[in-house]
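**Student:** Can you read through this structure? Questions will come right after.
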Amino acid sequence: MEIKLNNINFGEKTINIESGSIKELLDKLSFNDDSVILIGKDGKIYTKDQSIRKGDEINVVEVFSGG
């Protein structure tokens, strides 16, 4: 299934995933689930135990912390 992504570093991108799982999406992007927040077009925040549906548009926000 195709998922549309948007990120400040890679811009807009369409990615294909088989299962619709957040884990598969993060693995394809080489992101750790603790390093990003996935926000849907409607403002919904996706967690790693949720599923993505065909046609979902997701903003990938990278999280940084420091001291």
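Laboratory data are not the source of any read-out in this text; all were calculated from the coordinates shown. Just so it is clear, the model here is predicted, and its values are computed rather than measured. Neighbour counts are summed over all protein chains in view; Cβ atoms, including those assigned to glycine, are modelled from backbone coordinates with ideal geometry.
**Student:** What is the number of the single condition among (1) surrounded by 13 or more Cβ atoms within 10 Å (Cβ to Cβ); (2) in a loop (DSSP other than H, G, I, E, B); (3) of a type outside the set (A, V, I, L, M) that N59 does not meet?
**Tutor:** In the conditions (1) surrounded by 13 or more Cβ atoms within 10 Å (Cβ to Cβ); (2) in a loop (DSSP other than H, G, I, E, B); (3) of a type outside the set (A, V, I, L, M), N59 misses (2) alone.
**Student:** Let me ask something additional. List every residue pair whose Cβ atoms lie under 6 Å apart, where the two residues are 6 or more positions apart in sequence or sit on different chains, the first residue falls within segment 33-47 and is in contact (Cβ under 8 Å) with a residue 12 or more places away in the chain and over 16 Å from S21 (Cβ atoms), and the second residue, located anywhere, is surrounded by 11 or more Cβ atoms within 10 Å (Cβ to Cβ) and of a type in the set (A, V, I, L, M).
**Tutor:** Correct list of pairs: I37/V61.
**Student:** If I ask for residues that are in contact with a Gly (Cβ under 9 Å, 6 or more places away or on another chain) and either assigned to a strand (DSSP E or B) or surrounded by fewer than 10 Cβ atoms within 10 Å (Cβ to Cβ) (or both), which ones from segment 12-52 would you list? Let's see the steps before the verdict.
**Tutor:** Filtering segment 12-52 for residues in contact with a Gly (Cβ under 9 Å, 6 or more places away or on another chain) gives 46, 51-52.
Selection gives Y46, S51.
**Student:** If N9 passes every condition in (1) assigned to a loop (DSSP other than H, G, I, E, B); (2) of a type outside the set (D, E, K, R); (3) surrounded by 12 or more Cβ atoms within 10 Å (Cβ to Cβ) but one, which one does it miss?
**Tutor:** Result: N9 passes all but (3).
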